[in-house]
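Structure first, then comments.
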Amino acid sequence: MKRFSRRQMLSGMTKSGLALSLRSAITGLPMSFLLTGKAHAADDGEPKITILSCSGAGEAVNVCGPGSFAPGLESYFEHPRANEVDAGDVGTVMVNGMSLTAEHLEHGAEMSLGDRSVTMAAAWEALPADLREHLLFFHHRTNAGIHPQFPTVLTAHGGVQGMGGRGAEQLPSAIAQETADILDTTTTTPFVLGGGALSSEGAPLPIYAPMQAKMLASSVGNAVGGPENFGALYDHYIDQTYAQVKSSGTAEQKKFLAQHASSRAQATEFGENLVQLLEGITDDSIESQLRTAVAMAKLKLAPVIVTNFSFGGDNHSDFDLTIESNRTLHMIKALDALWQAAKSLDVADDILYATLTVFGRDATRGAKGGRGHHGALCTGMVLGSHIQGGVVGEMDTSSGQAVATGINTGTGTGADPDVPAEDTLHTYYKTLMLLAGVPADRRDERIPEGQDVTSMI
Amino acid sequence: MSVKDEYKAIAAYDARWRSIANASRLSRDLSRHLAVGLVALAAGSATSCGGRPGDAGGMDTDSETATDSAPNDNDSDGSDDGDSAADWCDVSEVLARNACLSCHSETPEFNGGGLDLVSDGLAERLVGRPSNNPGCAQSVIIDIDTPQASLLLQTIAPERYAPVEGEQCQFAPMPLLSDATVPPEDVTCIEEWIRGLEEPVPVDPPVPGDAFVVASKVKYLLHGGAITNDELLQVSDDDGKIVNDALETLVAEWMTTPEFRAKRRQFLELTLQQDPSDGNYFYQFRNTKNLSMKPFRDNFRMSMIRTAERIVDDEEDFRSIITTNEWEVTTLLLGALKMADNPMILKSSGIWPKGNYNNDLRSLVNSEGFYDSDLDSKVWRTVTLVHNPDSTHMLSGTKLDDPLYLEYEANAQEHAQYLRSIPDGGSVELRAPRIGFFTTPAFFQTWITNDDNDFRVTINQAMLVATGRSFSPGDITPINTDMSAIDLDVFPVGSECHGCHKNMDRMLTAFSANYDPINSRQHFPEQTVPQPDFSFQGHSVPVDSIQTWAEALASHPNFARAWVVKLCQWGTSAKCDPLDPRVVALATDFEESGFRLNYLFEKFFASRLMTDTSYMEGTEVPGARVSIARQGHFCHAAHTRLKAALAAQGEAEKSAANVCSISDEADILGSSIPDDTFGRGESYLHQPRDMGPFTAVSFEGLCSTSAPFVVASNNKAVFRGDDPEQVLDVMTYQVLGFPEGSEQYTTQRELLQDLYDTQIRGPACADSAVFESTLTSDQPQCGLDLSAIEALQNIWTIACQSPSMIGVGL
């Protein structure tokens, strides 16, 4: 009788019981949950691979997006001035055939977002209409004031529950845990291309910049004698050497060996395809991160892919807002690149894109020309073909500075809010879970305090 | 406004803000989390005090009386009359309605003083646990033998439960709202709950680890090499379990080796945070990114590391890393420090022009060759950096046409020669103070400040390095100065921000009196700055300078515990609990040793924190953790083991390959292996420990890429292949780590022989399926038909990425 080898089992692992048991061991999810996971998918739409751009620096989307050029609010917002910005450092950024300069950040323009007409920095007009049709801005508060709070903000200050209600979890990992099995992705934790210290179930996640990922993908199976033969040799060695550990070792030892086996099988699975998809990636810029993320989504490599993003970052001393101007224009270009790549690889309908930041930046400039921290007004960007573009939440200036209002979850506006302004972070996160395709009962368990905003679906 | 009033205002704001933000959670989550957990722990009735709110209205404040009057007899038949005790006396609700949980949440590190009152397992977590407050280390949060001595009760009702410790043990009365107190009936409820608790039965009892696993792990981490059979026999008891005393003897031996020094250096590089991510010292020295400036960057990075090594080797008090001005320096470094004693020359546009001796470090090396970036970066010596703000030595002007600048420029060659002449043990005057790890150019560059941040990041990171703790709004440590150091427009009294800034901003002037916040160079403030203060997490010391501020930091009572936790995480890949009694005991030992870091290494690596294990899933026993070998550990171990392999083949004099930098490709692959890193505001290291596909590929790619260098027929190779038997012997022991003479060795050696024979066997199998079947066949008919060298290269690739090399704890 032909022996059923470990390698053969691993090669078919994505569909097998062993795969489930490995995933169960690795993720901590009960087998029953893994087996029945697909049943959750239907009630809130198709699950999406989620691309999350994160910033612990705090980003000034709130200063160039909807509301920041609203009539009557001029005195609450200060924008880059083209005649002050160091033109040599910014220059012109070409987006979708349009030449963008700091002038496009100084002045607002009326444009469509979904079925709404809004006024925001003119640079956004460079994004194609079909992108803006599905681009949503979500005003909220993170209630954070300092950079080290970012890991806490990612848990909504403890409001995102861990698996089974145990402890707190960061939003990217919570989404990954809820969607990995439904999406049948290769790995079950977020893949981090950039974005700082992320963790999953308390275990820190490694970061692989695009060029590293590309190099690694091309390194799969380079041993003498061919990858298949080497794989057989290696697996035979592991089976013989660690048989006793696998039967009588500690739980941690068994878990390590299971992870080790599944990781090698997964690497073989995606290696060559990823190399081809990343052919045009030549650096680790944010644009490259987003394009790499789309390629990974195409391969269903991970349920959540994390990148950096920047609209100026920690720019207290950006005295003429040159840095902010430069990064904002390049970020708009990167968004366009993300959308083009998604359409080109035919995954535009399969992904959700959103941003997460520790706080926004002050709408007005500080003594040194740059912007301070502003946890009371953050603007998240959300993009997906299943989303009706527009704006959720509003700005309130009655306190003397622009802050996020509460949210009416039915209309998405700030009028008659049923979510207080202080709780909008939970609601933003819960809505992202909804848009990622996490079922309602799971959303309620993971973020009990938040509410769904449904106006944009 | 008095300090007391300040606290009241903070507390009032805090409570108001949080009551809005958390209103729903306080009433929903807590009952869900705590009630379930506590009811289970306390056998159902323990969370009920058995009375009604009104019953306690006239309660005597004497605790015994209060206890006696707690109406425990209510509803003794267990019937539910609709107004049962549990309706009002649920500990979760008590904590919730008294606003305890907004700070003491599941993530209590930020503003809850590390005390989590929300998560499941409250009793197990708190019973018998010493306080995190350094002054109260002898007291426990919950004392089930003497409930009145529980710090939990003493902080919520200090008038009712007289503290058992002296004035040293001081807490802010809780909740942090001076105008509010916990109602007597709620206090009684908590006391009764405590009285109903039993000594928690450990659900995850640690057990002694397997001697082979533990000894291999410890040697891997401390030295990098494989254990010998003698070492294994020495540390094994009759059941094959680890013997801690014997392990300590071995640890002491391993610590005498150069391999250990390299590993200790890795630890110091991580913990002293002297490695800026981009290596570009633009703000301090304008021009350092070029390849020719690498010697400067290396000198910056290593100065304090070498200083720390000297302190440790000389068995000095390790706290000197905070106060020392006796630094290990090179001439290049002295030149840079002297440059930073002068101001940047600014254009009217605010730009710092390069190409002059004030601003541009590169100009000192390249234009006139005053410094030899090679020779002047090599001679390390101990030099005392004497702070003299009035020194005029090497003083320059503020403009390029300033006579002072012209004189400085003309004397540049002479200056270089002077700095070169300063001997080991000599001294040099500097206008900017250079004290401890937190004033090095590397630390300033790692944590770049600016004139808004005004050294807050520098100070916070210094706190984290020295004490493992950060600022907290609930910190009630006595303050010694008025509020003139605090910008009350930005951080108004009563705001949440003020809670941290009241302590932090009083420290800023120790820095801003000496350094420019833009470029961290020497700086005289335009006006007199307020007197600094040191008030932080239970330690309050009046200070008047950065030197006395540093001394105050060095005397912080949490120093010892912080460094035990740092070492524990580095060694176990687990976030070790600073309240773990074994951590506390080691901290006490460390302190009593005179803060000798080598002593701590020796004790920790043979301690039960390191050697115990557990068979439970999701265990929190630190020693049970199995992790990937992160980059620093793996690359060092691979190098050490190849060196040992050379020695075993009679070629000890040859230098071994470093597989992580053996080629350009290896460089990238090696750097893709996850490593330990530190982060802003983080008290723990960022330590990826799980194996993922990209991590697996990093190891496999690196191992296969290095194979042609490690195994080849040339003289540079570690294994030449002319004696395959010897190569397999050495790989089994020195690389895979199975000690020669042991049972495992015999099995492994046979296995490698089989793998080797299969590969060189001809003819080549038709396909991989056939080849795979030959691996388990008694009469194989084909193989891979590889040469001996090729087969050994594959054996290396297998050994290099075997779990015993890429994992720690197997």
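Could you run through segment A:375-402 and say how many residues are within 14 Å of chain B (Cβ to nearest Cβ) and in contact with a Phe, Trp or Tyr (Cβ under 6 Å, 6 or more places away or on another chain)? Before you say what the answer is, go through the steps one by one.
Keep residues of segment A:375-402 that are within 14 Å of chain B (Cβ to nearest Cβ), which gives A:375-376, A:399-401.
Add one more test, that the residue is in contact with a Phe, Trp or Tyr (Cβ under 6 Å, 6 or more places away or on another chain), and what stays is A:375.
Total meeting the criteria: 1.
If you check A:Ala341, A:Ala334, A:Ala267, which single one turns out to be within 11 Å of chain B (Cβ to nearest Cβ) and either hydrophobic (A, V, I, L, M, F, W, C) or buried (at least 22 other Cβ atoms within 10 Å of the Cβ) (or both)? Explain how you work it out, then say what you get.
Numbers: A:Ala341 fails: within 11 Å of chain B (Cβ to nearest Cβ); A:Ala334 fails: within 11 Å of chain B (Cβ to nearest Cβ).
Only one candidate passes the filter, namely A:Ala267.
If only one of B:Glu620, B:Glu653 is among the acidic types (Asp, Glu), assigned to a loop (DSSP other than H, G, I, E, B) and either touching a residue at least 60 places away in the same chain (Cβ under 8 Å) or surrounded by 23 or more Cβ atoms within 10 Å (Cβ to Cβ) (or both), which one is it? Don't jump to the end; show me each part of the working.
On the way: B:Glu653 fails: either touching a residue at least 60 places away in the same chain (Cβ under 8 Å) or surrounded by 23 or more Cβ atoms within 10 Å (Cβ to Cβ) (or both).
Of B:Glu620, B:Glu653, the one residue that is among the acidic types (Asp, Glu), assigned to a loop (DSSP other than H, G, I, E, B) and either touching a residue at least 60 places away in the same chain (Cβ under 8 Å) or surrounded by 23 or more Cβ atoms within 10 Å (Cβ to Cβ) (or both) is B:Glu620.
When you check B:Glu591 against the structure, is it touching an Asp or Glu at 6+ places or on another chain (Cβ under 8 Å), within 22 Å of B:Ile321 (Cα to Cα) and away from chain A (no Cβ under 14 Å), yes or no? Quick ask: steps written out before the conclusion?
Values: touching an Asp or Glu at 6+ places or on another chain (Cβ under 8 Å): no; within 22 Å of B:Ile321 (Cα to Cα): yes; away from chain A (no Cβ under 14 Å): yes.
For B:Glu591, the condition - touching an Asp or Glu at 6+ places or on another chain (Cβ under 8 Å), within 22 Å of B:Ile321 (Cα to Cα) and away from chain A (no Cβ under 14 Å) - is not met.
Exactly one condition in (1) within 14 Å of chain A (Cβ to nearest Cβ); (2) crowded, with 21+ Cβ neighbours inside 10 Å is not met by B:Asn514; state its number.
(1) is the only condition that B:Asn514 fails.
Against the conditions (1) outside any helix (DSSP H, G or I); (2) surrounded by 20 or more Cβ atoms within 10 Å (Cβ to Cβ); (3) at pLDDT below 95, where does B:Gly279 fall short? Just the number, please.
(2)
Do we have A:Ala197 as under 24 Å from A:Ala293 (Cβ atoms), of a type in the set (Gly, Ala, Ser) and in contact with a Cys (Cβ under 8 Å, 6 or more places away or on another chain) here?
Taking the combined requirement at face value, the residue does not satisfy it.
Can you tell me how many residues within segment B:776-801 are at the interface with another protein chain (Cβ under 7 Å from one of its Cβ atoms) and buried (at least 22 other Cβ atoms within 10 Å of the Cβ)?
5
Do the conditions hold for A:Gly114, that is, is it within 13 Å of chain B (Cβ to nearest Cβ), in contact with a Lys or Arg (Cβ under 9 Å, 6 or more places away or on another chain) and either at positive phi or surrounded by 24 or more Cβ atoms within 10 Å (Cβ to Cβ) (or both)?
No: the conditions fail for A:Gly114.
Taking into account only those residues within segment B:668-699 that are part of a helix (DSSP H, G or I) and within 7 Å of chain A (Cβ to nearest Cβ), which is nearest to the chain's Cα centre (by Cα)? Give the derivation first.
Within segment B:668-699, the first condition is being part of a helix (DSSP H, G or I), and the residues that meet it are B:668-671, B:693-699.
Next cut, within 7 Å of chain A (Cβ to nearest Cβ) only: B:668-669, B:693-698.
Values: B:Ile668: 26, B:Leu669: 25, B:Pro693: 27, B:Phe694: 25, B:Thr695: 23, B:Ala696: 26, B:Val697: 28, B:Ser698: 25 Å.
Here the residue is B:Thr695.
Hey, among B:Thr481, B:Thr477, B:Thr509, which residue is among the β-branched types (Val, Ile, Thr), assigned to a loop (DSSP other than H, G, I, E, B) and either under 23 Å from B:Gln527 (Cα atoms) or free of Cβ contacts under 8 Å to residues at least 60 places away in the same chain (or both)? Walk me through it before giving the result.
Numbers: B:Thr477 fails: either under 23 Å from B:Gln527 (Cα atoms) or free of Cβ contacts under 8 Å to residues at least 60 places away in the same chain (or both); B:Thr509 fails: assigned to a loop (DSSP other than H, G, I, E, B).
Of the residues listed, the single one that is among the β-branched types (Val, Ile, Thr), assigned to a loop (DSSP other than H, G, I, E, B) and either under 23 Å from B:Gln527 (Cα atoms) or free of Cβ contacts under 8 Å to residues at least 60 places away in the same chain (or both) is B:Thr481.
Name the residue that is modelled with the lowest pLDDT, counting only residues in segment B:482-497 that are farther than 16 Å from B:Asp452 by Cβ and within 11 Å of chain A (Cβ to nearest Cβ).
Across segment B:482-497, the extreme among qualifying residues is B:Glu496.
What tally of residues in segment B:448-467 results from selecting those that are of a type in the set (A, V, I, L, M, F, W, C), away from every other protein chain (no Cβ under 11 Å) and within 17 Å of the chain's Cα centre (by Cα)? Full working, then the answer.
Of all residues in segment B:448-467, those of a type in the set (A, V, I, L, M, F, W, C) come to B:448, B:455, B:457, B:459, B:462-466.
From the residues that got through so far, the ones that are away from every other protein chain (no Cβ under 11 Å) too are B:455, B:459, B:462-463, B:465-466.
Then drop every residue that is not within 17 Å of the chain's Cα centre (by Cα), which leaves B:459, B:462-463, B:465-466.
Qualifying residue count for the region: 5.
What are the residues in segment A:287-323 that are in a loop (DSSP other than H, G, I, E, B) and of a type in the set (S, T, N, Q), if any? Walk me through it before giving the result.
Step one: list which residues in segment A:287-323 are in a loop (DSSP other than H, G, I, E, B), which gives A:299-303, A:309-321.
Scanning segment A:287-323 gives A:Ser310, A:Asn315, A:Ser317.
Give the residues of segment A:163-183 that are modelled with pLDDT of 90 or more and part of a loop (DSSP other than H, G, I, E, B), sorted by residue number. Before the answer, list the steps.
Filtering segment A:163-183 for residues modelled with pLDDT of 90 or more gives A:169-183.
The answer is A:Glu169, A:Gln170.
Quick test of your reading of the structure: A:Glu449 fulfils all but one of (1) surrounded by 22 or more Cβ atoms within 10 Å (Cβ to Cβ); (2) at pLDDT 95 or above; (3) over 23 Å from A:Ala60 (Cβ atoms). Name the failing condition by number.
Going through the list (1) surrounded by 22 or more Cβ atoms within 10 Å (Cβ to Cβ); (2) at pLDDT 95 or above; (3) over 23 Å from A:Ala60 (Cβ atoms), A:Glu449 breaks only (2).
Give B:Leu395, B:Leu361 a once-over and let me know the one that is under 20 Å from B:Phe300 (Cα atoms) and surrounded by 13 or more Cβ atoms within 10 Å (Cβ to Cβ). If you could, list the steps in order and put the result at the bottom.
Numbers: B:Leu395 fails: under 20 Å from B:Phe300 (Cα atoms).
Of B:Leu395, B:Leu361, the one residue that is under 20 Å from B:Phe300 (Cα atoms) and surrounded by 13 or more Cβ atoms within 10 Å (Cβ to Cβ) is B:Leu361.
Take the residues in segment A:387-432 that are out of contact with any Leu (no Cβ under 8 Å at 6 or more places or on another chain) and aliphatic (A, V, I, L, M), then tell me which one is surrounded by the most Cβ atoms within 10 Å (Cβ to Cβ).
Checked segment A:387-432; the qualifying residue surrounded by the most Cβ atoms within 10 Å (Cβ to Cβ) is A:Ile407.
State whether one or more residues within segment A:126-140 are over 30 Å from A:Ala82 (Cα atoms) and surrounded by 21 or more Cβ atoms within 10 Å (Cβ to Cβ). Step through it out loud before you land on a result.
Restricting attention to segment A:126-140, the residues satisfying the condition of being over 30 Å from A:Ala82 (Cα atoms) are none.
No, because not a single residue in segment A:126-140 is over 30 Å from A:Ala82 (Cα atoms) and surrounded by 21 or more Cβ atoms within 10 Å (Cβ to Cβ).
Among the listed residues B:Pro557, B:Pro517, B:Pro530, B:Pro478, identify the single one that is more than 23 Å from the chain's Cα centre (by Cα) and closer than 27 Å to B:Gly114 by Cα.
None of the other options fit; the residue is B:Pro478.
Assess whether A:Ile175 counts as being hydrophobic (A, V, I, L, M, F, W, C), touching a residue at least 24 places away in the same chain (Cβ under 8 Å) and within 18 Å of A:Tyr429 (Cβ to Cβ). Before you say what the answer is, go through the steps one by one.
Values: hydrophobic (A, V, I, L, M, F, W, C): yes; touching a residue at least 24 places away in the same chain (Cβ under 8 Å): yes; within 18 Å of A:Tyr429 (Cβ to Cβ): yes.
So A:Ile175 passes the test.
Could you go through segment A:146-156 and let me know if any residue there is touching a His at 6+ places or on another chain (Cβ under 7 Å) and buried (at least 24 other Cβ atoms within 10 Å of the Cβ).
Yes: segment A:146-156 contains one or more residues that are touching a His at 6+ places or on another chain (Cβ under 7 Å) and buried (at least 24 other Cβ atoms within 10 Å of the Cβ).
Would you tally the residues in segment B:724-761 being modelled with pLDDT under 95 and not in a helix (DSSP H, G or I)?
3
Is there a residue being in contact (Cβ under 8 Å) with a residue 60 or more places away in the chain and among the acidic types (Asp, Glu) anywhere in segment B:277-297?
No, there is no match, as no residue in segment B:277-297 is in contact (Cβ under 8 Å) with a residue 60 or more places away in the chain and among the acidic types (Asp, Glu).
Would you call A:Ala57 part of a helix (DSSP H, G or I) and in contact with a strand residue (DSSP E or B) (Cβ under 9 Å, 6 or more places away or on another chain)?
No; evaluated as a whole, the condition is false for this residue.
If you scan segment A:429-449, which residues turn out to be over 21 Å from A:Gly393 (Cα atoms) and in a loop (DSSP other than H, G, I, E, B)?
If the condition is that a residue be over 21 Å from A:Gly393 (Cα atoms) and in a loop (DSSP other than H, G, I, E, B), then A:Gly437, A:Val438, A:Pro439 are the ones that fit.
Looking at segment B:283-294, is at least one residue under 30 Å from B:Ser614 (Cβ atoms) and not in a helix (DSSP H, G or I)?
Step one: of segment B:283-294, the residues under 30 Å from B:Ser614 (Cβ atoms) are none.
For segment B:283-294, residues under 30 Å from B:Ser614 (Cβ atoms) and not in a helix (DSSP H, G or I): absent.
Would you pick out the residues in segment A:208-232 that are under 14 Å from B:Gln801 (Cβ atoms), more than 7 Å from chain B (Cβ to nearest Cβ) and small (Gly, Ala, Ser)? Can you show your working first?
Residues of segment A:208-232 that are under 14 Å from B:Gln801 (Cβ atoms), as a first pass: A:216, A:219-223, A:227, A:230-231.
Restricting the remaining residues to those that are more than 7 Å from chain B (Cβ to nearest Cβ) gives A:221, A:227, A:231.
Hits for segment A:208-232 are A:Gly221, A:Gly231.
The values are calculated or read from the model by the stated rules, or taken from the named source; none is laboratory data. This is a predicted model, so every value here is computed, not measured. Don't worry about glycine lacking a Cβ; one is built from the backbone with ideal geometry, like all the others, and counts go over all protein chains shown.
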